[in-house]
Amino acid sequence: MKSINRKKLAIVLTVCILTFFTIPASAACRNEPERPESTWDVDWEGQGFIQMHTTAYVIQGVTATGTPTHEGICACNTHLGDLAVLYTIEGEYLGTFECVDTGATPGLMAGIVIDVWQPDRPSAEAWMARTKGRVRCQWIQGCG
């Protein structure tokens, strides 16, 4: 009788341990870094994040790489990376954006601005209000 209770206890403990102490699945898709659950104690610079200015554009058409404009893309200095993982300065996750456009403004060419595509003007205005014109950005190479 005691051995049955010990077996049940062992199973329950194993399930609890697996439930509460599992390693989160890595964001291996396109080498995307894992998003922190909390912004407390995040070493932004130590994890390769840089602060950048951000703008939004609503031009419909074809990007510099020939890709039609769509959600999830941005214009940037293409030497920075293939994907941009963006957070607000306060640490709110904004998304991962594929760098398929360039742009001709001095900030874009200098690599200090990232221009995120939005489907319409209200969305672009909401982007600017949400980001206050600044983001934390981590660049990922080799995904394009």
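The values are calculated or read from the model by the stated rules, or taken from the named source; none is laboratory data. In this text, all values refer to a predicted model and were calculated from it rather than measured experimentally. Side chains are part of the model used for accessible areas, which takes the heavy atoms of the whole protein and leaves out ligands, DNA and RNA. Shrake-Rupley method; radii C 1.70, N 1.55, O 1.52, S 1.80 Å.
Data for the structure
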{"read-out": "Pairwise centroid distance, computed over Cα atoms, of region 52-105 with region 112-144, Å", "value": "6"}
{"read-out": "³J(HN,Hα), Karplus 6.51/-1.76/1.60, whole Hz, each residue of region 46-54, x for Gly, Pro", "value": "x, 9, x, 7, 10, 8, 9, 7, 10"}
{"read-out": "Solvent-accessible area per residue for region 45-144 (1.4 angstrom probe, square angstrom)", "value": "49"}
{"read-out": "Residues whose placed amide H lies under 5 Å from that of ILE112, excluding near-sequence neighbours", "value": "none"}
{"read-out": "Radius of gyration and Dmax over the Cα atoms of region 52-144, both given in Å", "value": "11.9, 34"}
